[in-house]
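All remarks here apply to the structure that follows.
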Amino acid sequence: MGYKRYAFAVIAGIAAVFALAMHAGFGRAEDGAREAASPSITVYSGRARQLVAPVFESFERETGIRVRVRYGGTAELAALLLEEGDRTPADLFFAQDAGALAAVERAGRFRPLPESLRRTVEPRFVSRASETGGGWVGVTGRARTIVYNTDLVDPAALPQTLEEVLGGEWTGKVGYPPTNASFQAMVSAMRARDGDEKTMQWLRALRASGAKTYANNTETVRAVASGEVAIGLVNHYYALRMLTESPRLPIANHYMGGDDVGSLVNVAGAGVMRRRGGTDATHEASERLIAFMLSEQAQSYFATETFEFPLIAGVEPPAGAPTLERVGAGTIDLGALSDLEGTLRLMSRAGVLP
Ligand SMILES: [Fe+2]
């Protein structure tokens, strides 16, 4: 028998055995056996391909674990995970907002995380439910900040709370992107801290003070750089990124002190999905991927490439940023940011959404 015919016979034999096994209801055991030999996992990534694909690729090279990725918006993938329930093909959810992670967690979709992973980052960046129920862990930090025009604004006069942004000398000089997910997460944090009524008042006052709306963070920071507005309510990494490209732009970040939600540190983070067809091998592979994203190598990559804050000790903050200890509303429970729909309703009633 020639090689080809022999190979064909073997394949036909395997196929017959496989078909029999399926028929007898052993399909799942067969899947499990194949996965143990060469695990492969599916990631739902709310982070853009150009930012995170290199991380997944080095993980594949180092571990031999294959990573399939479905890219999409963080809120949209969270909604999909809730809809799919335990029939989801996703082994891991990588999101760029703790609110989306909290919504998935609240629906009971995450598996518990091993202690080794939970202890890698500060407690404020780990879901409070991750020990007992299922949960998520932060991978990188994304701070809210006030970006200001250094030609127009005296740093000593900058607001120290979001209340101070309203009216007075800032009338007509503030820019913000109401449709941006990170701005909305900040509003959710304000609701969690102050309640809906006070938050509604703040939003209405912001609008009444002549604050200008922009399509996104980039447009807001550009408007600050051009002097169209003096300050902008954005995420920290936009100014850092623009300054590496054009170091002479007259912009800088101001991090508010204390616990103001204007300096909220949100996270990009990940959790392992509970799903039908998940095996010890896929769970372990998913946890390894999270551990890899929290390795020095990946954390330095994020700090240099996405200008986000590393969450493990010993890795330098992004160029031009202070260390995370000097930023941030540390007492806000990121798990309380899950009600995006409620936030959108409130923003819409306050008239700040287009
Ligand atoms: Fe962003």
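Only the coordinates and a few stated rules stand behind these numbers; no lab work does. All values derive from a computational prediction rather than experimental measurement. Ideal geometry is used to build each Cβ from the backbone, glycine not excepted, and the neighbour counts take in all protein chains shown.
Observations on the model:
- Relative contact order %, the range 214-354, counting alpha carbon pairs below 8 Å whose residues are six or more apart: 22
- Dimensionless Rg over Rh [the range 33-173; C-alpha; Kirkwood]: 1.11
- A dipole drawn for the range 109-241 from +1 and -1 charges on Cβ atoms has a positive end, and of Val126, Val221, Val174 the residue lying farthest that way is Val126.
- Virtual spin-label span in nm between Glu76 and Arg61, 7 Å along Cα→Cβ: 3.0
- Placing a label point 7 Å from the Cα of Thr161 along the Cα-to-Cβ direction, the residues of the range 317-354 whose backbone N falls under 16 Å from that point are 329-332.
- Beta bridges per DSSP with both ends in the chain, % antiparallel, nearest 5: 65
- Put simply, the Cα atoms of the chain extend 88, 41, 35 Å along their principal axes, the longest span coming first.
- Legend: calculated FRET efficiency, Glu83 to Ser348, from the Cβ-Cβ distance at R0 = 30 Å, rounded to 0.05, equals 0.85.
- Under 5 Å from the amide H of Thr150 lie the amide H atoms of Ile251, Ala252, each residue being 5 or more positions distant or on a separate chain, with H modelled from the backbone and absent for Pro and chain starts.
- Centre separation in Å (Cα based) which lies between the range 176-206 and the range 289-313: 29
- The largest-to-smallest principal axis extents of the Cα set in the range 244-300 are 53, 29, 18 Å.
- Contact order for the range 45-153, expressed relative to its length and based on alpha carbon pairs under 8 Å spaced 6+ residues apart, stands at 21 percent.
- Note on Gln201 and Ala319: the extension gain reaches 38.8 nm, defined as 0.36 nm multiplied by sequence separation minus the Cα-Cα distance.
- Length-normalised contact order for the chain - Cα pairs under 8 Å, 6+ apart - percent: 25
- Helix 74-84 vs. the chain, principal-axis angle (Cα, 0 to 90°, nearest 10): 40
- Of the residues Phe309, Phe56, the one with the fewest other Cβ atoms within 10 Å heads the list, and the complete ranking is Phe56, Phe309.
- Gain upon complete extension [Glu122, Asn216; 0.36 nm per residue less C-alpha separation]: 30.9 nm
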